[in-house]
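Okay, structure first, notes after.
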Amino acid sequence: MDRRKLEEDFCRGLMIAATFVVGGSLFAVFSVVILKGAPALSLSMITELPQGGYYLGGEGGILNAIVGSLYLGLGATALALVLALPVALFLQKEYIGNSRLGRLTRLSLDVLWGVPSIVYGAFGFIIMVYLGIRACLLGGIIALTLLELPIMIRAMDEVVRMVPQELKEASYAMGATRLETTMRVVCRQALPGLLTALLLAFGRGIGDAASILFTAGYTDRLPHSLFDPVASLPLAVFFQIGTPFPEVQQRAYASALILLLLVLILSVASRLLTRKFNKYVVR
Amino acid sequence: MSVFKPHISVHKLNVFYGSHQSLRDITVDIPEKQITAIIGPSGCGKTTLLKCLNRLIDLTDGVRLSGQVLIGGVDIYNDKNIDATCIRKRMGMLCQKPFPLPMSIYDNVTYGLKIHGVKGKKRLDAAVERYLTMAGLWEEVRDRLESPASRLSAGQQQRLCLARSLAVEPEALLGDEPTSALDPISAQHIEKTFRELRKDYSIVIVTHILRQARRLADYVIFLYLGELIECGPAEDVFGRPKELKTQAYIRGEIS
């Protein structure tokens, strides 16, 4: 009897400790970024392009990287969504779910999920060399889309699989086809989860540096077409923190803070926008 | 055996899940515009038989089936011109646990209508009122048709599911233990509605509650371990069961 209680308390202690380690690390990362970055944050930083000598401590801002990251992140997430949703829905048991093709698809996606992002960057780079285009917005978007796809599809697949079979049967029982059931019932029921998948992929995409290093390039200007090189916040952080000047390093933390806020704002905004639909979800 | 006009005829139906045989050589006629109760201990194939009647069984993994199910004389499995979706439209279904669709009360009722091409707000509005009234839910929800169906109580949800099924104008209603997840009052509501609907629809319910079968059924089918043991008018099966197994089941000796 005593042993069981001890077991219970010990494991509960472990869970609490683990939760604190996780929560604590997150808190530590946030605090460092905020403490080091907030003093360097200014209006000019988010509204101006870098001027000459910016990376040596000169005047200007990182508007180029903010706009670039938004273009890259939103572009890649939109492109990934167009590809990921149909695949995730096709992985339902009514289509290829439990077949050999379905299992193979899931396995490939799990492997792709584990591929380091620099590999996507290198792959994208080779394709671009082959096509004869230089580092540009389009190249970055494609590399990031490849990076985001496995995450988005698998996350969506998991939520779509959570839709109760009885709910689908209720729709089929009224004579609905697979497509009608999928579009009108499954997607609505899974909407909050699908959104989470989207944000997960967006967060991974907008924060990634390695895959866009060769494919998107870096520039102090704003891009005017898909074929212009484009700056990004992760690379702005990377370049600024690598300089020997303390004030520029501080700007790196400020850039990281902007990246954090960007992801935060977009997450909260999209949650608010879809809240209207969430109340219909059947529990 | 009394003579009646069969609506659904099952002929030598065998169903296998993988290597397990769930139904063996079932041959039975289900009468038109009466309430038929399928009774039997759990795991005897009641739900499987019911799902065969609207081809919902097709959705189960690894299922194999032989034999015939005739609805209004047409073989719904082997006739080339038959589409599963149009069979399912004709056979309304009520599940064990109510599953409202993830949308408003109004949209739940119009869901089936819309997918079958009914348009126009006036027609849809009229249908919503008509079928919610038939299911005995109209008075309770008329002021909040736009609120999410998931906020209704379980009993109300089941009546909404009934209204939703009725809206596509089926010719029969199938109920898979439709009251077992409900409180007694809601269960009575559903039973009352079934009795009222009997004059227009053939109703088939699966139930493990013998008293419910006695209260509702005109015709009874008793299954045991995938085999049809006895079927006939309710008064015969309950009053003078022929088979020993039926007698034992009705006395509560096997369950």
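The values are calculated or read from the model by the stated rules, or taken from the named source; none is laboratory data. Given the structure is predicted, the values throughout are model-derived calculations rather than measurements. Heads up, the Cβs are rebuilt from the backbone with ideal geometry, glycines too, and the neighbour counts pull from every protein chain shown. The accessibility values were calculated without ligands, DNA or RNA, using every heavy atom of the protein model including side chains. Shrake-Rupley method; radii C 1.70, N 1.55, O 1.52, S 1.80 Å.
What total accessible area, in Å², is buried where chains B and A meet, using a 1.4 Å probe and rounding to the nearest 100?
That pair hides around 2400 Å² of surface in total.
Determine, from the Cβ-Cβ distance of A:Ser42 and A:Ile118 and an R0 of 41 Å, the FRET efficiency 1/(1 + (r/R0)^6), rounded to the nearest 0.05.
0.80
Could you work out Rg/(2.2 N^0.38 Å) for the range B:89-235, with Rg from alpha carbons only?
Dividing the Cα Rg of the range B:89-235 by 2.2 N^0.38 Å gives 1.08.
By accessible area of protein heavy atoms, probe 1.4 Å, what ranking do A:Lys276, A:Lys93, B:Lys97 get, highest first?
A:Lys276, B:Lys97, A:Lys93
Over the Cα atoms of chain B, each weighted equally, I'd like the Debye log10 I(q)/I(0) at q = 0.09, 0.10 Å⁻¹, rounded to two decimals.
Per q value, in the given order, log10 I(q)/I(0) is -0.40, -0.49.
For the range B:166-228, with all protein chains present and a 1.4 Å probe, just round the carbon and sulfur fraction of the accessible area to a whole percent.
49
So how exposed is A:Glu247, as accessible area in Å² (1.4 Å probe, rounded to 10)?
Probe radius 1.4 Å; accessible area of A:Glu247 about 90 Å².
Can you order the peptides B:20-27, B:160-167 by their average number of other Cβ atoms within 10 Å per residue, highest first?
Those peptides, ordered most packed to least, come out B:160-167, B:20-27.
FRET efficiency for B:Gln21 and B:Glu243, Cβ-Cβ distance as r, R0 = 22 Å, nearest 0.05?
According to the calculation, E is roughly 0.60.
Quick one: with all protein chains in place, what share of the accessible area of chain A is carbon or sulfur, to the nearest percent (1.4 Å probe)?
72
Suppose R0 equals 35 Å; then what is the FRET efficiency for A:Arg106 and B:Ser180 from their Cβ-Cβ distance, rounded to the nearest 0.05?
With R0 = 35 Å, the Cβ-Cβ based efficiency is 0.45.
Kindly sort A:Met183, A:Met162 by accessible area of their heavy atoms, largest first, with the probe set to 1.4 Å.
A:Met162, A:Met183
Need one value: the accessible area of B:His7 in square angstrom, 1.4 angstrom probe, rounded to the nearest 10.
Approximately 10 Å² for this residue.
Note every residue of the range A:162-184 with a reduction of at least 50 square angstrom in accessible area, all protein chains present versus the isolated chain, computed with a 1.4 Å probe, or write none.
So the qualifying set is A:Glu169, A:Tyr172, A:Ala173, A:Met174, A:Gly175, A:Arg184.
Ignoring ligands, DNA and RNA, how do A:Trp113, B:Trp138 rank by accessible area with a 1.4 Å probe, largest first?
From most exposed to least exposed: A:Trp113, B:Trp138.
Do the alpha carbons of any pairs in A:Lys279/B:Lys46; A:Lys168/B:Lys46; A:Lys279/B:Lys51 sit beyond 25 Å of each other, and which pairs?
As for pairs spanning more than 25 Å Cα to Cα, those are A:Lys279/B:Lys46; A:Lys279/B:Lys51.
Check each residue of the range B:71-104 and keep those whose accessible area, probe 1.4 Å, is at least 30 Å² smaller with all protein chains in place than in the chain alone; give them in order of residue number.
The answer is B:Thr85, B:Arg88, B:Cys95, B:Phe99, B:Leu101, B:Pro102, B:Met103.
Kindly report, to the nearest 10 Å², the accessible surface of B:Glu196 as traced by a 1.4 Å probe over protein heavy atoms only.
90
Using the charge dipole of chain A (Lys, Arg: +1 at Cβ; Asp, Glu: -1 at Cβ; taken about the Cα centre), state which of A:Phe20, A:Met174, A:Ser108 has its Cα farthest towards the positive end.
Of the candidates, A:Met174 comes out farthest on the positive side.
Residues with amide H under 5 Å of B:Ile38's amide H, sequence separation 5 or more or different chain, H placed in the peptide plane at 1.01 Å from N; which?
Amide H neighbours of B:Ile38, under 5 Å, 5+ apart: B:Ile205, B:Val206, B:Thr207, B:Ile221.
Placing +1 on the Cβ of each Lys and Arg and -1 on the Cβ of each Asp and Glu in the range B:181-225, which of B:Val206, B:Ile190, B:Ala217 has its Cα farthest towards the positive end of the resulting dipole?
Most positive-ward Cα: B:Ala217.
With θ set to phi - 60°, apply the Karplus curve 6.51 cos²θ - 1.76 cosθ + 1.60 along the range B:30-47 and write out the HN-Hα couplings as whole Hz, x wherever there is a Gly or Pro.
The phi angles translate into 10, x, 7, 6, 9, 9, 9, 10, 9, 10, x, x, 5, x, 8, x, 4, 5 Hz.
Taking every pair of alpha-carbon atoms in the range B:1-129, give the share separated by more than 22 Å as a whole percent.
More than 22 Å apart: 47 percent of the Cα pairs in the range B:1-129.
Would you work out the charge dipole size for the range A:44-280 about its Cα centre, treating the Cβ of every Lys and Arg as +1 and the Cβ of every Asp and Glu as -1, and quote it to the nearest 20 debye?
That gives the range A:44-280 a dipole magnitude of about 820 debye.
How much accessible area per residue does the protein assembly as shown have, in Å², with a 1.4 Å probe?
With all protein chains present, the protein assembly as shown gives 48 Å² per residue.
Could you list the residues of the range A:121-155 with an amide nitrogen less than 18 Å from a label point located 7 Å from the Cα of A:Val22 in the Cα-to-C-beta direction?
A:155
Could you give the spread of the C-alpha atoms of the protein assembly as shown along their three principal axes, from largest to smallest, in whole angstroms?
Taking max minus min along each principal axis of the Cα atoms, the protein assembly as shown gives 100, 65, 50 Å.
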